[in-house]
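The structure under discussion is supplied below as structure tokens; questions concerning it will follow.
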Amino acid sequence: MRERIDLAPILKDTVATAYCDLVTRPTGVTVRQRVEALIAASPHPTAQLDFGSIGLLDFSCADEIVAKLLLNHADDRPRFLVLVNVTETQREALDHVLEHHRLTVVALSSDGARPWVLGWRTPDLLAVFDTVTRIGPGDAGRVADALGWTVERAADALQSLALRRLVQAASGTYCPLPLS
């Protein structure tokens, strides 16, 4: 299950103007606080932030909204974040900020392409993420077989994905995050 959070109405309520650009650090702080309240009130473990109606996203808002959401996941429940309808220019700002903080998040564009990882990543992390996304839920043995790797190497990469909240893990099985 997931909670979809459209950022455009939050932005319009926050700054009370007609534009749809996420710019300035104070705007980012206010939007993030509203998003945090929605996530905290949601019974769903996965939140999707919808960037579809957002135009420009500057580095300060990318930092205040997405990076700090990822850094502030202190509650006891496991929480997952997915960014949806991300444009190429938004992707650049998000990737830069997340890389700086050594954070990662799952993202989707509006064209229905496969999900990708934004931010800090290694080749093994990307290979295993793509494999789990393609083949669906599985354990280290299944992923190792699909990649031609050792079980230990696959298990390490899967654990890294789980710690970064890019997949859901339960009893040795790793599942892609809900995207639809």
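Return the residue satisfying two criteria in turn: it lies in the stretch 108-144 and is loosely packed, with under 14 Cβ neighbours inside 10 Å and of a type in the set (S, T, N, Q), and of such residues it is farthest from C61 (Cα to Cα).
My answer is T122.
Let me ask you something else. Taking the conditions exactly as written (of a type in the set (G, A, S) and either under 23 Å from S180 (Cβ atoms) or touching a strand residue (DSSP E or B) at 6+ places or on another chain (Cβ under 7 Å) (or both)), does S60 satisfy them or not? I'd like the intermediate steps shown before the answer.
Values: of a type in the set (G, A, S): yes; either under 23 Å from S180 (Cβ atoms) or touching a strand residue (DSSP E or B) at 6+ places or on another chain (Cβ under 7 Å) (or both): no.
Criteria not met by S60.
Tell me whether the stretch 34-57 contains one or more residues that are assigned to a loop (DSSP other than H, G, I, E, B), more than 15 Å from the chain's Cα centre (by Cα) and charged (D, E, K, R).
No, that holds for no residue.
Moving to a separate point now. Condition first: under 16 Å from P123 (Cβ atoms) and touching a residue at least 12 places away in the same chain (Cβ under 8 Å). Now tell me which residues in the stretch 135-173 satisfy that.
V143, A146, L147, R153, A154, D156, A157, L158, S160, L161, R164, L166
Kindly indicate whether any position in the stretch 78-85 is more than 21 Å from P9 (Cβ to Cβ) and in a helix (DSSP H, G or I). Walk me through it before giving the result.
Taking the stretch 78-85 and keeping what is more than 21 Å from P9 (Cβ to Cβ), we get 78-80.
If we keep only those that are in a helix (DSSP H, G or I) too, we end up with none.
No, the conditions are met nowhere in the stretch 78-85.
Name, by its number, the condition in (1) in contact with a His (Cβ under 6 Å, 6 or more places away or on another chain); (2) of a type in the set (A, V, I, L, M); (3) at pLDDT 95 or above that does not hold for M1.
(3)
When you scan the stretch 126-142, how many residues do you find that are closer than 19 Å to V106 by Cα and in a helix (DSSP H, G or I)?
Step one: filter the stretch 126-142 for residues closer than 19 Å to V106 by Cα, giving 126-138.
After this cut, where a residue has to be in a helix (DSSP H, G or I) as well, the list is 126-135.
Residues meeting the conditions: 10.
For residues that are among the aliphatic types (A, V, I, L, M) and loosely packed, with under 14 Cβ neighbours inside 10 Å, tally how many sit in the stretch 148-180. Before the answer, list the steps.
Taking the stretch 148-180 first, the residues among the aliphatic types (A, V, I, L, M) are 151, 154-155, 157-158, 161-163, 166-167, 169-170, 177, 179.
Add one more test, that the residue is loosely packed, with under 14 Cβ neighbours inside 10 Å, and what stays is 163, 170.
Residues meeting the conditions: 2.
Sticking with this one: Which of the residues that make up the stretch 25-75 are acidic (D, E), closer than 25 Å to V167 by Cα and surrounded by 15 or more Cβ atoms within 10 Å (Cβ to Cβ)? Steps first, answer last, please.
Taking the stretch 25-75 as the starting set, the residues that turn out to be acidic (D, E) are 36, 50, 58, 63-64, 75.
Subsequent filtering for residues that are closer than 25 Å to V167 by Cα retains 36, 50, 63-64, 75.
Residues satisfying the conditions are E36, D50, D63, E64.
Considering only residues of the stretch 113-125 that are outside any loop (DSSP other than H, G, I, E, B) and either among the charged types (D, E, K, R) or at pLDDT below 95 (or both), which is nearest to L98 (Cα to Cα)?
Quick first cut of the stretch 113-125, residues outside any loop (DSSP other than H, G, I, E, B) only: 116-119, 123-125.
From the residues that got through so far, the ones that are either among the charged types (D, E, K, R) or at pLDDT below 95 (or both) too are 116, 124.
Numbers: W116: 14, D124: 18 Å.
Restricting to residues being outside any loop (DSSP other than H, G, I, E, B) and either among the charged types (D, E, K, R) or at pLDDT below 95 (or both), the top hit is W116.
If I filter the stretch 87-107 down to residues being assigned to a loop (DSSP other than H, G, I, E, B) and either in contact with a strand residue (DSSP E or B) (Cβ under 8 Å, 6 or more places away or on another chain) or not β-branched (V, I, T) (or both), which single residue comes out as surrounded by the most Cβ atoms within 10 Å (Cβ to Cβ)? Talk me through it step by step, then tell me what you get.
The initial filter retains those residues of the stretch 87-107 that are assigned to a loop (DSSP other than H, G, I, E, B), namely 87, 102-103.
Narrowing the set further to residues that are either in contact with a strand residue (DSSP E or B) (Cβ under 8 Å, 6 or more places away or on another chain) or not β-branched (V, I, T) (or both) leaves 102-103.
Details: R102: 10, L103: 20.
Checking each candidate, the answer is L103.
For (1) more than 17 Å from L11 (Cα to Cα); (2) touching a helix residue (DSSP H, G or I) at 6+ places or on another chain (Cβ under 8 Å); (3) in the same structural domain as Y19 (by TED's automatic domain parsing), each residue gets a yes or a no:
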residue	(1), (2), (3)
R34	no, yes, yes
P45	yes, no, yes
G55	no, no, yes
A62	no, yes, yes
H73	yes, no, yes
E88	yes, no, yes
D95	yes, no, yes
L108	yes, no, yes
D111	yes, no, yes
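The values are calculated or read from the model by the stated rules, or taken from the named source; none is laboratory data. Predicted model, so just to flag it, every value in this text is computed and none were measured. Virtual Cβ from ideal backbone geometry, glycine too; neighbours counted across all protein chains shown.
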